Amino acid sequence: ALLQATARGCDARKKVRRETVAATAIQRVYRGFVTYNSYILDCASIILCQAGARKWLAMKDAARRRHEKRLEAVTVIQSAWRRFLAESNFIIALSGCVLLQCFVRRYITSKQYKVQQRTRKNAASRIQSAFRSRLYFNRYIDSLIDIIRCQSSVRKYLAMKKLSQLQRIKSESAATRIQAAFRGYTSHMDFVLTICDVIICQSVARRWLANRALLFRLQDLQIKNYCA
């Protein structure tokens, strides 16, 4: 909205300046035309006075000169009038061209502004989606790590409890049963540690893939912005 207001104010100021310049030019031409007409009328009056004063000297010569002066005055008036018409038509055509340029530039500017707004909205949506996917993935990894730790703690507690029970019945049980139980516990702990390592490797791999996808999206966005 601020950019549109600034652009409209700039266009309005330019239009006012152009109108002021055009009005000044029209006033200058009109004043020159009026002065020139006054000058022609004064010349005609002087010529008529001279013709009246010289009439008694030579009627034919005065008539001839009067005729020549009238032709000259008509020619000058016609040239001045044609000049005034040509300048008026030129000013009108120039004003129309300036207004047409103003409208065309305004249309092009508004079209470019709309394209930039759409590009910005698409870029913001993509950045938000990438950030949310990254945030949800991190939350999932943290929750999975917490679950694994809880499971490890519970299994350790159960194993310790079972080990204490085995120690209590050590005098009653055979060495073979103790060895079998210990081997089972060792195998179970190895399995748990292996599962933890696999899950950690999966989280690292998924994080790397997510970072790589985010990097590709940012590169595509930069290319699109550069092309736009």
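In a shell of Cβ-Cβ distance under 12 Å around V76, excluding V76 itself, what net charge do Lys and Arg (+1) and Asp and Glu (-1) give? Once all neighbours under 12 Å are counted, the net charge is +3. Solvent-accessible surface of the chain, taken per residue with a 1.4 Å probe and all protein chains present: 82 Å². Fully extending the segment from T6 to Q151, taken as 0.36 nm per residue of separation minus the present Cα-Cα distance, adds 45.8 nm.
Among the lysines of the chain, pairs at least eight places apart or on separate chains and with Cα atoms under 25 Å apart come to 13. Placing +1 on each Lys and Arg Cβ and -1 on each Asp and Glu Cβ, with no other charges, gives the stretch 55-103 a dipole about its Cα centre of roughly 480 debye. For the stretch 32-85, the Cβ-based charge dipole about the Cα centre amounts to some 200 debye (Lys, Arg positive; Asp, Glu negative; other atoms uncharged). Principal-axis analysis of the Cα atoms of the chain puts helix 2-54 at an angle of about 10° to the longest axis. For the pair the stretch 78-149 and the stretch 178-228, the centres of their Cα atoms are 43 angstrom apart. Which of rounded, prolate or oblate describes the stretch 44-149 when judged by the alpha-carbon gyration tensor and an a/c cut-off of 1.5? Prolate. Assuming charge only on the beta carbon of Lys and Arg (+1) and of Asp and Glu (-1), the dipole of the stretch 1-114 about its Cα centre is about 300 debye to the nearest 20. Relative to the dominant Cα principal axis of the chain, helix 175-227 is inclined by about 10°. Loop-resident trypsin sites (Lys or Arg not before Pro) (DSSP state other than H, G, I, E or B) in the stretch 31-80 with no more than 13 further Cβ atoms inside 10 Å of their Cβ: K55.
With respect to the chain, whose longest principal axis is taken over its alpha-carbon atoms, helix 59-168 is tilted by about 10°. Summary value for the chain: 19 percent relative contact order, contacts being C-alpha pairs under 8 angstrom separated by 6+ residues. Look at the Cα gyration tensor of the chain: its axes a ≥ b ≥ c give a/c of at least 1.5 with a/b over b/c, and that counts as prolate. Okay, which of the stretch 185-228 sit inside 17 Å, backbone N to the point 7 Å along the Cα-Cβ direction of R118? In the stretch 185-228, the label zone of R118 (backbone N under 17 Å from the point 7 Å along Cα→Cβ) covers 224-228.
The values are calculated or read from the model by the stated rules, or taken from the named source; none is laboratory data. Computed from a prediction, not measured in an experiment: that's the story for all the values here. With ideal geometry, Cβ positions are generated from the backbone for all residues, glycine too; neighbour counts draw on all protein chains shown. Heavy atoms of the whole protein, side chains included, go into the accessibility calculation; ligands, DNA and RNA do not. Shrake-Rupley method; radii C 1.70, N 1.55, O 1.52, S 1.80 Å.
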